[in-house]
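Structure first, commentary second.
Please treat every number below as a calculation from the coordinates, not as lab data. Owing to the predicted nature of the structure, the values given are computational and were not obtained by experimental measurement. Here the Cβ is made from the backbone with ideal geometry for all residues, glycine too, and neighbour counts use every protein chain on show.
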Amino acid sequence: MKNKWLVRFLMISVGVLLAACNESDRGGSGVKNLASVEDVEWKSHGLTTDEQRFSPLVQIDRNNVSELGLTWSFDMYTRRGVEATPLMINRTLYVSGSWSMVYALDAVSGELKWFFDPKVDRSFLSKGCCDAVNRGVAFHDGKIFVATYDGRLVALDADSGDVVWDVQTTDRDQSYTITGAPRVAKGKIVIGNGGAELGVRGYVSAYEADTGEMAWRFYTVPGNPADGFENEAMRMAAKTWTGKWWQWGGGGTVWDSMVYDPELELLYVGVGNGSPWNQKIRSPEGGDNLFLSSIVAVRPDTGEYVWHYQTTPSETWDYTSTQHIMLADLEIDGQERKVVMQAPKNGFFYVIDRVTGELISAENYAHVTWATHVDLETGRPVETPNARVFDGKNVTLPSNAGAHNWPPMSYNPDTGLVYIPTMVFPVRFLEPTEEKDMKPNQGLWNVGFDRIVNVPPAIAQLDAILEKEYTGSLLAWDPIAQKAHWQLKPGRPTGGGTLSTAGQLVFQGGKTSHFSAYDAQSGDELWTLDVQTGAMAAPITYSIDGEQYIATAVGFGGGMAAEGGAVAHAWKVPNISRVLVFKLGGVKQLPPVPDREKPLPKPAVVSASADVVEQGKVVFHRHCAYCHGDGFRTGGVTPDLRYSGEVIHKMWDQIVLDGILSGAGMVSFSEFVTKDESEAIRQYVLSEANRLYDGKHIVQ
């Protein structure tokens with residue numbers, strides 16, 4: 001503890017020195033004679049191994065942040081969601097974009113040094129949850145590591161971008177995808193995957209950094225007992241499952257957060273939801289279903305299980321524990337504790353002993369209806385009587401989107417506060433009403449619930465109603481007192497990841513299309529800039545030649561566009577995928593936003609009965625809405641089918657059943673949708689297109 005604080009003190013002292021030098025030299029001509037000052041880099045996903053995302057740099061502070069301005073920008077080559085945390089090493093900014101592409105940019109000028117396209121087969125779009133996003137790369141021993149959407153782990157030479165090695169980490173015949181950032185632990189590159197909604201079994205793997213050879217693999221849920229168990233941890237976990245869960249895949253994918261403690265030599269892994277969500281189907285006689293919705297500690301050398309803590313036993317709401325995990329040393333009740341902190345989807349903030357896995361405290365940081373509290377003696381949540389009432393009427397909070405999702409939080413040890421992007425998304429669950437939803441259905445979405453109850457109604461006042469009910473806010477949380485210190489006024493649920501600094505600032509994107517800086521102690525907004533698009537990713541900061549920079553990657557998409565903010569508000573924010581870098585006195589301007597509004601063609605007349613249209617509505621929301629939006633409320637990343645012209649309608653069955661657009665991610669649904677159902681969907685599309693065209697019921 002003392003040594004850690006000494007290191008941090010020295011780092012902050014360097015930052016103070018830089019700030020003092022810059023203050024004395026800034027006077028209209030910029031910073032002078034500081035080329036000899038050592039650069040301050042951002043080498044790993046969360047800056048340091050504790051992943052607190054706290055920078056000791058102080059040149060930009062709450063007194064001068066109003067002088068912050070854009071110094072350069074770089075347009076990425078795609079127009080899908082951007083969720084990556086950049087890295088800055090050796091004066092180079094490494095940023096990943098959609099389709100797992102990697103850009104190496106000069107960190108001072110923005111000049112492109114090299115570009116890597118892993119050439120992901122676009123048909124993999126249908127195998128994923130929430131857009132072809134990527135949350136960042138890892139760096140180790142002169143190499144950049146990127147995990148690709150189609151399940152590969154690729155090592156690149158950091159200087160040239162040349163491929164060093166390329167390994168497949170998943171079975172390409174199953175619906176595995178990767179959107180998360182790799183982590184480095186004891187010279188190994190660790191990566192998980194996603195796909196629980198489409199019927200896979202989760203695991204996390206470690207690869208040798210030099211060769212790409214797999215060192216170990218830890219499965220997060222047990223497989224078919226008849227095949228034997230990989231280890232004693234799986235044998236133990238299997239006792240908490242019932243029925244034939246393996247036929248559904250089981251889920252438990254490690255699709256985002258991991259963190260490594262080099263002192264304890266433990267790797268902490270966040271585990272996701274069940275497959276399907278509905279526990280009554282995958283494990284009909286109950287059980288905790290380990291290791292779903294858990295933090296699991298393993299040995300980084302071998303993948304050996306050490307301990308686990310399950311945040312949501314018997315998970316059934318898509319309450320993942322894959323959200324950001326941070327390490328900290330906190331003084332609790334007069335005793336120094338080594339802890340992990342997490343604010344997972346389920347709405348409770350957890351402080352857990354990272355040596356033993358013992359729960360220290362847990363309080364709700366958001367409105368929660370499924371549980372009254374967490375029992376500190378048992379470590380288990382106390383569920384409310386209606387927590388598992390799935391009648392299509394009972395409102396559940398948080399929703400499956402969570403009170404906090406993937407955008408990373410940050411921790412400022414000076415203020416003692418954690419800065420969390422939070423959301424409020426009411427949801428209603430309905431038990432499945434068709435036999436097909438009660439059977440294993442690997443390969444396409446099947447969550448074990450009927451989604452029809454959450455289709456937005458076609459009324460003129462809808463957006464105004466949703467604006468009040470579906471919100472997001474930045475929360476400053478005291479992890480020791482377990483209470484809110486401040487919280488911003490709720491707005492659109494689009495808040496991005498956070499960065500906190502010793503300049504007593506919190507940076508975050510997501511106030512509509514703005515990127516902003518807040519006072520870390522009070523929450524007062526001190527600076528904001530319209531960046532013309534969604535700013536979902538977490539920013540970073542670095543220093544070169546004594547000058548501090550703030551960098552962030554922006555671009556609307558991901559789950560927010562597929563079934564989040566756009567669903568709630570039909571928010572048509574453009575996707576402009578860019579890297580933006582700021583410094584004090586920056587004067588660059590973004591180009592004007594291009595007009596991308598396209599006219600709605602006059603739709604053909606609906607030729608089917610009302611019953612057929614209603615059937616189309618049901619089938620659409622069972623198979624199509626995950627990409628094309630509930631009630632067609634998309635974020636613009638995938639097409640709004642109401643705008644489909646005559647040519648598309650003539651080719652309808654070729655697209656839906658024959659898969660002629662599989663190269664663009666629209667694969668064939670012939671195995672799951674009949675020709676009559678395909679036509680029913682088309683008639684539903686025409687019905688809603690006419691409603692929109694008339695302008696009588698839906699206001700965009």
- Sequence-distant or interchain residues sharing an amide H contact under 5 Å with Gly509, placed H: which? Gly496, Gly497, Ser516
- Message: As I understand it, the dipole of the chain uses +1 on the Cβ of Lys and Arg and -1 on the Cβ of Asp and Glu, about the Cα centre. Which of Ile191, Leu105, Ala233 lies farthest toward its positive end?
- Response: Leu105
- Work out from phi, with θ = phi - 60° and the Karplus expression 6.51 cos²θ - 1.76 cosθ + 1.60, the ³J(HN,Hα) of each residue of segment 358-368, listed in order in whole Hz, and give x for Gly and Pro. 6, 6, 9, 7, 7, 9, 6, 9, 9, 5, 10
- Say a site is exposed when it is one of the GluC sites (Glu not before Pro), sits in a DSSP loop, and has at most 16 other Cβ atoms within 10 Å; what is then the longest site-free stretch of the chain? 435-596
- Query: To the nearest 500 deg cm²/dmol, what mean residue ellipticity at 222 nm is calculated for the chain from DSSP H runs of n ≥ 4 alone, each contributing -39,500 (n - 2.57), summed and divided by the residues?
  - Reply: -4000 deg cm²/dmol
- Given all pairs of distinct Cα atoms, segment 70-137 yields a Kirkwood Rh in Å of 12.6 Å
- Item | Segment Glu265-Asp391, length gained on full extension (0.36 nm per residue, minus Cα span) | 40.7 nm
- Item | Per-selection Kirkwood Rh - segment 610-694 (Cα, Å, 1 d.p.) | 12.8 Å
- Query: Short version: ³J(HN,Hα) in whole Hz for each residue of segment 128-136, in order, from phi by Karplus 6.51 cos²θ - 1.76 cosθ + 1.60 (θ = phi - 60°), x for Gly and Pro, what are they?
  - Reply: x, 7, 9, 5, 8, 8, 8, 9, x
- Task: State to the nearest 20 debye the size of the charge dipole of segment 264-402 about its Cα centre, where the only charges are +1 on K and R beta carbons and -1 on D and E beta carbons.
- Result: 560 debye
- When the Karplus curve 6.51 cos²θ - 1.76 cosθ + 1.60 is applied with θ = phi - 60°, which whole-Hz ³J(HN,Hα) does each residue of segment 51-56 get, with x for Gly and Pro? 6, 7, 6, 10, 9, x
- Query: In a shell of Cβ-Cβ distance under 10 Å around Thr253, excluding Thr253 itself, what net charge do Lys and Arg (+1) and Asp and Glu (-1) give?
  - Reply: -1
- Note on the structure: Restricting to Cα pairs under 8 Å and 6 or more apart, the percent relative contact order of the chain works out to 14 percent
- Message: Taking every pair of distinct Cα atoms and averaging 1/r, then inverting, what Kirkwood hydrodynamic radius in Å comes out for segment 316-437?
- Response: 15.7 Å
- Item | Under 17 Å, Cα to Cα: Lys pairs in segment 58-215, sequence gap 8 or more or different chains | 4
- Given a Förster distance of 41 Å, the FRET efficiency implied by the Cβ-Cβ spacing of Lys436 and Thr512, rounded to the nearest 0.05, works out to 0.55
- Mind jotting down the distance between the C-alpha centroids of segment 41-94 and segment 272-319, whole Å? 33 Å
- Message: I need the per residue convex hull volume for segment 92-236, using only the alpha carbons, in cubic angstrom as a whole number.
- Response: 114 Å³
- Quick one: longest stretch of the chain between exposed loop chymotrypsin sites (Phe, Trp or Tyr not before Pro), exposed meaning at most 16 other C-beta atoms within 10 Å and loop per DSSP? 230-671
- Message: Under the rule of at least 5 residues apart or a separate chain, name every residue whose amide H is placed under 5 Å from the amide H of Leu266.
- Response: Asp261
- Exceeding the 22 Å Cα-Cα cut-off - candidates Lys280/Lys439; Lys439/Lys650; Lys511/Lys617: Lys439/Lys650; Lys511/Lys617
- Tally Lys/Arg at +1 and Asp/Glu at -1 over every other residue whose Cβ is under 15 Å from the Cβ of Asp157; what's the total? -3
